[in-house]
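The values are calculated or read from the model by the stated rules, or taken from the named source; none is laboratory data. Because the structure is a prediction, the values reported are computed rather than measured. Glycine also receives a Cβ, built like all others from the backbone with ideal geometry; neighbour counts cover every protein chain displayed.
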Amino acid sequence: MPRLASIIAVLVAMLCAGCASTATATATATATATAASPGEPTPPHGGVTIYVDATRGNDRAPGTRARPVRTVTAAWNRIPQAHALRHPYTIVLFPGRWSAADTPNYWQSRWGSPRAEVTLRAASPGTATLPAVNMFDVRWLLIDGVRFSDQFDLFHCERCTHMLIEHSRFDGSQQLLDAVKFNQSTWIFLRHDRITGASQNPLQFVAVQHGAVTDTEFADGGDWCAYFKGGSADLLIARNRVHDCGTGGLLAGQGSGLQFMVPPFFRYEAYRIVIAQNWVWRTRGAGIGVNGGMQVALVDNRLWDTGSASHAVEIDYGLRSCDGHPGDPGRQLCSQYLALGAWGTTRVDDGSNEVRIPNLDVTVAGNVIANSRVQGDELMDIAAPFSGPDQAGSGLGAVRADDGLRVFDNLFAVGRGLPNGTGNCRVSDCRHLRGVNTVMGPSDPFVNAATGDLALRRAWRGVPVPGYWRG
């Protein structure tokens with residue numbers, strides 16, 4: 001079985017542990033994951049290896065271990081541009097730090113393949129530090145053990161495909177807007193990374209289809225710690241450690257300019273996203289949420305000290321605009337996409353006239369949500385039905401946030417007296433919220449919540465992975 005298939009199969013098996021219908025759920029989800037497996041780069045064998053040493057290298061050297069080049073730019077330029085590679089290329093970074101003058105201004109159009117990957121790795125994990133990286137049209141790239149640090153946004157990849165970043169650190173700060181951002185990309189994988197520090201989001205996916213973000217730490221963002229929006233689809237977000245962010249923890253959907261979306265994923269903000277087995281703590285807003293998603297599952301997550309300013313779980317609308325002003329480059333795509341059946345508008349955004357994007361078939365199940373004291377104003381926030389002139393010409397009329405919503409087998413250990421927050425919701429699970437979920441006073445069910453260890457002292461109900469997830 002290819003490496004990606006085996007990794008996701010293990011994750012799915014863990015997610016289904018304790019399910020009432022374990023055999024059926026596991027077989028369905030594992031078959032789905034296996035069918036979606038050939039997307040992740042793997043370490044290459046053979047090919048060309050270029051060594052880089054910031055102190056003893058020389059860019060006129062052959063790039064061998066004994067005679068390395070000095071700059072990352074020199075190494076990158078030895079990989080053919082805008083041509084399908086015939087064999088793998090590996091860049092090995094000896095311990096050191098490189099400045100912007102030593103790295104490509106724009107990492108562009110290196111076209112690897114399943115048999116000719118491009119690898120950028122530290123000779124020893126964590127010892128090679130790069131400044132901000134801006135990539136475009138890069139295919140089949142593996143980044144391993146590299147540290148990124150700069151006063152600018154640390155990593156941006158546009159129209160990239162088949163990329164894996166693992167065992168790497170992104171050390172941001174409140175000077176940055178976003179620490180790591182992918183947009184209009186496919187088959188993106190992050191694993192065993194640490195991404196911290198941003199005035200908005202440590203991680204942002206916009207119009208990213210297929211991939212997984214697993215076993216990674218996100219922290220210290222002013223907005224959501226991570227969101228997956230703009231028509232992002234078929235993503236697994238699992239076993240991450242998410243903490244100390246402002247607006248919230250993990251969000252499927254949000255708001256986007258229509259011209260930045262990718263057909264045919266230009267209706268909902270998020271499609272078929274599974275957010276599972278994550279540990280989320282110390283967020284002022286919701287720990288988990290969905291804004292404009294279709295077939296999104298929030299299952300088996302652990303939340304501690306979340307929702308102090310509002311609520312623990314958010315089910316709200318996505319927002320859709322057409323950014324900029326008439327005549328701006330790319331803005332014509334809004335009308336073109338609307339003609340193809342997209343949801344959105346061509347109006348100039350005034351900050352309040354966005355189109356509301358509904359939810360469909362969202363599942364919130366098996367989560368353990370606890371606080372040490374009563375805080376916030378409600379258990380959940382579920383948006384009221386919406387209609388009006390802002391929906392005109394959007395392809396949508398009146399919309400709801402709760403169509404197909406399921407909320408069951410969750411533990412809310414946050415206070416019996418808090419309102420449910422389901423007054424705007426018409427589905428059965430909302431009407432009987434305290435019958436299909438457990439609501440109790442504040443308590444600490446975790447091994448050591450103070451240090452971020454949200455392992456349970458006592459098992460809670462497991463739930464099956466929804467069958468719609470395609471990986």
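Annotations for the structure displayed:
- Region 395-408, residues that are buried (at least 21 other Cβ atoms within 10 Å of the Cβ) and part of a loop (DSSP other than H, G, I, E, B): ARG400, ALA401, ASP402, LEU405
- Count - residues of region 354-383 that are under 20 Å from GLY231 (Cα atoms) and part of a strand (DSSP E or B): 7
- Options VAL262, VAL296, VAL274, VAL290: the member that is aliphatic (A, V, I, L, M) and more than 21 Å from ASP402 (Cα to Cα): VAL262
- Which listed residue, of SER99, SER109, SER113, is surrounded by fewer than 18 Cβ atoms within 10 Å (Cβ to Cβ) and either over 19 Å from VAL48 (Cα atoms) or among the aromatic types (Phe, Trp, Tyr) (or both): SER99
- Candidates are the residues of region 456-471 that are among the basic types (Lys, Arg) and loosely packed, with under 13 Cβ neighbours inside 10 Å; the one that is farthest from ASP305 (Cα to Cα) is ARG458.
- A count restricted to region 197-216 and to residues that are within 16 Å of TYR227 (Cβ to Cβ), among the polar types (S, T, N, Q) and either touching a helix residue (DSSP H, G or I) at 6+ places or on another chain (Cβ under 8 Å) or surrounded by fewer than 24 Cβ atoms within 10 Å (Cβ to Cβ) (or both) stands at 3.
- Residue match in region 367-378 (condition: surrounded by 21 or more Cβ atoms within 10 Å (Cβ to Cβ) and in contact with a Cys (Cβ under 6 Å, 6 or more places away or on another chain)): no
- Qualifying residue in region 228-250 (condition: without any contact (Cβ under 8 Å) to a residue 60 or more places away in the chain, of a type in the set (Phe, Trp, Tyr) and buried (at least 24 other Cβ atoms within 10 Å of the Cβ)): yes
- Residue ranges of strands (runs of 3 or more DSSP E) in region 163-264 with at least 2 members modelled with pLDDT of 95 or more and over 24 Å from PHE148 (Cα atoms): 201-214, 232-238, 248-253, 255-257
- Answer residue from region 315-331, given it is in contact (Cβ under 8 Å) with a residue 40 or more places away in the chain and surrounded by fewer than 18 Cβ atoms within 10 Å (Cβ to Cβ) and is nearest to GLY393 (Cα to Cα) among those: ASP323
- Selection within region 426-455 - under 24 Å from ALA238 (Cα atoms), exposed (fewer than 13 other Cβ atoms within 10 Å of the Cβ) and either touching a residue at least 60 places away in the same chain (Cβ under 8 Å) or not hydroxyl-bearing (Ser, Thr, Tyr) (or both): VAL447, ASN448, ALA450, ALA455
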